[in-house]
Amino acid sequence: MPVKKTLISFLLAALFIVHFPAAFALKSECRICTRGPSELIWPCGLPFEDPGYRIYGPDGSERGGLVRSEGEVCTWRVGDYSRRYVLMDGERELSSAVLTVHVVPQNLPEIAAPPKGTICLTFDDGPCENTAEVLEILAEYNVKACFFIVGFQQKYLDILPRIVAEGHTLGIHCYDHRAYRWLYQSAENYFSDLMQVQQIIYDRTGTVAHVLRFPGGSRTASFLAWALEGGYPEFYGRLADLGIRAYDWNVQPESGTKTTEGTIIDFTHPTEPYEYAVVLQHDTRYFSVKALERMIQWALSEGYTFAALDASFPEIHFYD
Ligand SMILES: [Zn+2]
């Protein structure tokens, strides 16, 4: 009996010695490489899609494996980044590959002065339960507008493709409107929040936004602008790298009133005829939504034209 046991142990040990180096050699010959080129140029502000890696076995065929990925690409800041993919065997690194990503500034369109009497309607804080009604009124008069959206109200986001399909522009407001203090505390907070909204727009519509409205306007954004070394010029410069222009407003018919009638009266009695009006409304304020149709009727009868705000329009900043 002991002899038999010893023999079995001996055979098992021999088998291990014979096979282990072979298995070891096979694993060692696996290699990992980037899927596609090892260097990429990526437009700043476009949500990053990691192309990933491929693993090849000793016979050259593609196979799976345990891979650790290292290094983040920050798409809201121009710079060079690397992603490293490491093929692992337990704790041991078998092979690695590096993807270099050059995040470069986006090109913005030239600014063109709109024809005199252009009105850009803008709606902040949606989408919400009133957004469909706004779209229906706009469609009835073939008026195009811009929606500066928030991202946190998941249940309303299904309307985003419709907004784009009907010829309106989508702009970024912020992900969560309830967090001003957090939002403007640091560039990291602000730009990661912005990218979160950009990602939502991209995922839902396949397009990206090129216009933005600061929550609270550029006055409130001063908390961050003054914290940045270069102040507002740096803030706007960073947004330009992202392919984004920022717009405050110069007409605010809701401001002095909380009524439909007050909103209409304010809008239809400008002190001077509108030359280039960027109108702030909120689709979340139903009294304002109810004012929309009569506002449009009045403007059309006065000979004004409506346009969907995009990055080719002159910026409106309370602060520069
Ligand atoms: Zn807002």
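The values are calculated or read from the model by the stated rules, or taken from the named source; none is laboratory data. Bear in mind that the values here come from a model prediction, so they are computed numbers and not experimental data. Note: ideal-geometry Cβ built from the backbone for every residue, glycine included; neighbour counts use all protein chains shown.
All of THR169, THR122, THR131 fail the test of being away from the ligand (no atom under 16 Å from the Cβ), under 29 Å from PHE267 (Cβ atoms) and either in contact (Cβ under 8 Å) with a residue 24 or more places away in the chain or out of contact with any strand residue (DSSP E or B) (no Cβ under 7 Å at 6 or more places or on another chain) (or both), apart from THR169. Restricting the first member to segment 242-260 and to residues that are closer than 12 Å to SER288 by Cβ, and the second to residues that are among the aromatic types (Phe, Trp, Tyr) and modelled with pLDDT of 95 or more, the beta-carbon pairs closer than 7 Å and six or more apart or on different chains are PRO253/PHE267; LYS258/PHE287; THR259/PHE287; THR260/PHE287. Considering LEU94, LEU87, the condition of being part of a strand (DSSP E or B), of a type in the set (A, V, I, L, M, F, W, C) and at pLDDT 95 or above is satisfied by LEU87 alone.
Can you tell me how many residues within segment 226-250 are farther than 24 Å from PRO109 by Cα and touching a helix residue (DSSP H, G or I) at 6+ places or on another chain (Cβ under 7 Å)? Give the steps one after another, and end with the answer.
Step one: of segment 226-250, the residues farther than 24 Å from PRO109 by Cα are 226-229.
Filter once more, so that each one left must be touching a helix residue (DSSP H, G or I) at 6+ places or on another chain (Cβ under 7 Å): 228.
So the count comes out to 1.
Number of residues in segment 52-105 that are among the acidic types (Asp, Glu), loosely packed, with under 14 Cβ neighbours inside 10 Å and more than 21 Å from the chain's Cα centre (by Cα): the value is 5.
Report, by residue number, each residue of segment 97-124 that is of a type in the set (Asp, Glu) and assigned to a loop (DSSP other than H, G, I, E, B). Of everything in segment 97-124, just one residue is of a type in the set (Asp, Glu) and assigned to a loop (DSSP other than H, G, I, E, B), namely GLU110. For segment 261-289, how many residues are farther than 13 Å from GLU133 by Cβ, free of Cβ contacts under 8 Å to residues at least 60 places away in the same chain and of a type outside the set (Phe, Trp, Tyr)? The qualifying residues number 11. Scan segment 197-225 for residues that are within 14 Å of the chain's Cα centre (by Cα) and of a type in the set (Lys, Arg) and the total you get is 2. The residues of segment 176-235 that are more than 16 Å from the ligand (Cβ to nearest atom), free of Cβ contacts under 8 Å to residues at least 60 places away in the same chain, in a loop (DSSP other than H, G, I, E, B) and closer than 22 Å to LEU157 by Cα, listed by number, are GLY206, THR207. State whether one or more residues within segment 239-254 are small (Gly, Ala, Ser) and at pLDDT below 95. There is no residue in segment 239-254 that is small (Gly, Ala, Ser) and at pLDDT below 95. None of ALA299, ALA277, ALA291, ALA311 is aliphatic (A, V, I, L, M) and part of a strand (DSSP E or B) except ALA277.
Surrounded by 14 or more Cβ atoms within 10 Å (Cβ to Cβ), under 20 Å from ARG238 (Cβ atoms), within 16 Å of the ligand (Cβ to nearest atom) and assigned by TED's automatic domain parsing to the domain that holds HIS282: is that true of TYR156 in this structure? Judged against the criteria, TYR156 is not a match.
All told, ASN142 meets the bar of being at positive phi and either more than 16 Å from the ligand (Cβ to nearest atom) or in a helix (DSSP H, G or I) (or both).
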